[in-house]
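Reviewing the structure listed below.
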Amino acid sequence: MVNKIKLCLIALLFFTSCDPWVIPDDPKTEPLAIFDRLWEDVNERYSFFQHKQIDWQKIRTTYRAKVNNNMGSKSLFDVLANMLFELKDGHVNLATGFDNSRNWEWYQDYPDNYDQNIIDENYLRRDFWISGPLKHQFINDVLYVNYRSFSQKIAKGNLQVVLERAKLGRGIIIDVRNNGGGNLGNAYTLASAFTDSEVLIARERIKNGIGMDDFSSWEDMSISAGENVYSGPVVVLTNRRSYSATTFFAQMMKKLPQVTIIGDQTGGGGGIPVFGELPNGWTYRFSGTQTIDLDGRQIEDGVLVDVRIDLNPISTAKGEDNIITTALRVLMENN
Amino acid sequence: MSTGIQSFAGKDEGFSLLNYKGNKSTSSVGFVLGKKHKTQWFQGDFSYGVLANQPGGTMNEMGINFTNYTFYHKVKPASHGFQWGWSNKNTMHIRRHNQFSNYSFRYDYFSALGPVARHLLPFEWKKKSFLWQSMANWQLLGIQIKSGYIGAEPENYQADNSLVNNFFSTVQPFIPLSDLDLGFSSTLYWKLPTNNSLGLRYQVNYTKLSGIKKVYRLDQSVDLILNVRLW
């Protein structure tokens, strides 16, 4: 009896101390190990190496030479941030407690094409309606709708108010300039309000292996039919700061026959970000999927507009948004 | 019926190479059916808790098991000594990473058969009756379905496929040694005058699931048990 108890106590001691043996240890936290971990994960899961013709091996050689195990956190962050910057992707970030790396070149090198003050003062004015995240106001007989972020949930009731109001006029303008994206579900919700049948809008695939060409098969992306939809003419305004979910929204609307996209092309963001974490607790994200339009063009490069126009400084000096003026003209021509 | 606390350590390479550890609450409901030559034991377990990695990232983890043990005692007595048999274990673990905005949900499921052995040692101490049961199981062969390279969906999952088609295209074999599920428990029961019993159980379980993104977990729990004789 005593021997059996001893045997069980030994077994207990064994089991309580065996997790380091049966579960692999955490990776090392030295700068070189952290660099290698980040580089390897991007190497295995990033989805646009071939499309962007990025030589990730060469980038490793360049940046690993700048890392040593004696460097501090900020220096290591700078090297890793610069390495990730080479991906030229707005969906790539390294988040630490003291800074977030980013590449915002997808809009910084292009015209703004949006002036919030002009919108507030001369288009929304003081008596605009607020239906959830959607601000709307009639401009002549056209309903102008301003949506600032797809992170803001569009409730069914809010959307119905906008649609019913739009039906009183001669068209609708949806302004998603400077809308940096958010929840793709809201893009589907808003786009469904303009079609009474399912519409195929794009195809997507996801990385499913460590090889650069390891992807799942292409899967269709469709917007479903909405209820009590608006079937009149629609203009969507985009600019280079229309990114991520907003790019997807522009692609959805582009496939609807009554929709015209006006402004500048969207900034892209056609790869849905995957997340990871480094041994020191820093987290990061990068694109892990690809989305192409029905012609095979990557929407990572942005959705092109039907009418290309920039804000005119002479117009803005007079308080006019000439992109909205163009939208109004297009809608009048379509009526 | 039992309830207790579980110390859990695990790693899902689909999320991270970091280990996640923490305490989970557990509860179980079981049913034992004693026959002349065999004893069948059905048990369902539930556990839930928040796990953390060394730097402080967290994930929520939930585990559900349904296990069936069958012990044979045609030659030996049912009340004491070694008994051998087989078990079928069905396990599902679901986890959500709290720092990831996309692809933050992953899971694994397996159903596997394997041998099980137990040793029953009834004894008396200070005129009270006790039973000490030690049990070990090893799941050897079966099937598994688990989240794929990125995200929750298993490899080869297609949204357009039917549930049945997706099951057959995503299911993988649970292969001996490559995939592992080992369990050990030691339970001390105090038989009450009413023929019911109270127990204290320590159990440990180790699981490893192979694939392009491996899953490891080791859990150890201490449970208080109430056994009620139904008839």
Exercise for the section: Tell me, yes or no, whether the range B:194-207 has at least one residue that is surrounded by 14 or more Cβ atoms within 10 Å (Cβ to Cβ), over 24 Å from B:Asp45 (Cβ atoms) and either at pLDDT 90 or above or of a type outside the set (Gly, Ala, Ser) (or both). Expected result: no
Handout entry: Which numbered condition B:Trp132 fails, given (1) facing chain A (nearest Cβ under 10 Å); (2) outside any loop (DSSP other than H, G, I, E, B); (3) of a type in the set (A, V, I, L, M, F, W, C); (4) in contact with a helix residue (DSSP H, G or I) (Cβ under 7 Å, 6 or more places away or on another chain)
Key = (4)
Exercise for the section: Using the structure shown, decide if B:Ser111 is of a type in the set (S, T, N, Q), without any contact (Cβ under 8 Å) to a residue 12 or more places away in the chain and in contact with a strand residue (DSSP E or B) (Cβ under 9 Å, 6 or more places away or on another chain). Expected result: no
Practice task
Within the range A:225-232, identify whether any single residue is at pLDDT 95 or above and in contact with a strand residue (DSSP E or B) (Cβ under 8 Å, 6 or more places away or on another chain), and answer yes or no.
Solution key: yes
Practice task
Show the residue pairs that are 6+ apart or on different chains and have beta-carbon atoms under 8 Å apart, the first residue being within the range B:144-168 and away from chain A (no Cβ under 11 Å), the second being of a type in the set (A, V, I, L, M) and surrounded by fewer than 22 Cβ atoms within 10 Å (Cβ to Cβ).
Solution key: B:Gln144/B:Val171; B:Ile145/B:Val171; B:Phe167/B:Ile145
Problem - From the options A:Lys52, A:Lys74, A:Lys66, residue that is within 21 Å of the chain's Cα centre (by Cα) and basic (Lys, Arg) - result: A:Lys52
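Residues that are among the polar types (S, T, N, Q) and within 13 Å of chain A (Cβ to nearest Cβ): list the strands (runs of 3 or more DSSP E) wholly contained in the range B:1-86 that include at least 1 such residues.
Values: elements: B:2-12, B:20-34, B:38-52, B:58-72.
The strands (runs of 3 or more DSSP E) meeting that bar are B:2-12, B:58-72.
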Fill in the blank from the handout: Residue hits (the range B:149-177; buried (at least 18 other Cβ atoms within 10 Å of the Cβ), part of a helix (DSSP H, G or I) and among the aromatic types (Phe, Trp, Tyr)) are none
Handout entry: Search result, residues across the range B:187-231 that are away from chain A (no Cβ under 14 Å) and outside any strand (DSSP E or B)
Key = B:Leu192, B:Pro193, B:Thr194, B:Asn195, B:Asn196, B:Val228, B:Arg229, B:Leu230, B:Trp231
Problem - Residues of the range B:93-128 satisfying the condition of being surrounded by fewer than 16 Cβ atoms within 10 Å (Cβ to Cβ), of a type in the set (D, E, K, R) and in a strand (DSSP E or B) - result: B:Glu124, B:Lys128
Handout entry: Residue ID - nearest to the other protein chains (Cβ to nearest Cβ), chosen from residues in the range A:256-287 that are assigned to a loop (DSSP other than H, G, I, E, B) and within 12 Å of the chain's Cα centre (by Cα)
Key = A:Ile272
Handout entry: Check on B:Phe184, away from chain A (no Cβ under 13 Å), among the hydrophobic types (A, V, I, L, M, F, W, C), touching a strand residue (DSSP E or B) at 6+ places or on another chain (Cβ under 8 Å) and in contact (Cβ under 8 Å) with a residue 12 or more places away in the chain
Key = no
Handout entry: Tally of residues being surrounded by 15 or more Cβ atoms within 10 Å (Cβ to Cβ), touching a Lys or Arg at 6+ places or on another chain (Cβ under 8 Å) and touching a residue at least 24 places away in the same chain (Cβ under 8 Å) across the range A:203-222
Key = 3
Problem - Selection count where residues are free of Cβ contacts under 8 Å to residues at least 24 places away in the same chain and out of contact with any Leu (no Cβ under 9 Å at 6 or more places or on another chain), scope the range A:100-113 - result: 4
Handout entry: Condition check for A:Ser47: among the small types (Gly, Ala, Ser) and either farther than 23 Å from A:Phe98 by Cβ or not in a helix (DSSP H, G or I) (or both)
Key = yes
Completion exercise
Restricting attention to the range A:187-223, the residues that are within 14 Å of chain B (Cβ to nearest Cβ) and among the polar types (S, T, N, Q) number exactly 4
Practice task
Say whether the condition of being modelled with pLDDT under 95 and among the small types (Gly, Ala, Ser) is met by at least one residue in the range A:194-213.
Solution key: yes
Practice task
State all residues of the range B:40-75 that are in contact with a His (Cβ under 6 Å, 6 or more places away or on another chain) and either crowded, with 19+ Cβ neighbours inside 10 Å or β-branched (Val, Ile, Thr) (or both); if no residue qualifies, say none.
Solution key: B:Met59, B:Gly63
Exercise for the section: Check every one of the strands (runs of 3 or more DSSP E) wholly within the range A:91-182 and list those with 3 or more residues that are crowded, with 22+ Cβ neighbours inside 10 Å. Expected result: A:142-147, A:171-175
Problem - Where A:Glu300 falls short, out of the listed (1) under 30 Å from A:Leu76 (Cα atoms); (2) of a type outside the set (Lys, Arg); (3) outside any helix (DSSP H, G or I) - result: (3)
Practice task
Report, by residue number, each residue of the range A:297-326 that is in contact with a His (Cβ under 9 Å, 6 or more places away or on another chain) and free of Cβ contacts under 8 Å to residues at least 40 places away in the same chain.
Solution key: A:Asp301
Practice task
Test A:Leu278 against the stated conditions and say whether it is crowded, with 24+ Cβ neighbours inside 10 Å and under 30 Å from B:Pro55 (Cα atoms).
Solution key: yes
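The values are calculated or read from the model by the stated rules, or taken from the named source; none is laboratory data. This is a predicted model, so every value here is computed, not measured. Glycine gets a Cβ as well: all are built from the backbone with ideal geometry, and neighbour counts include every protein chain shown.
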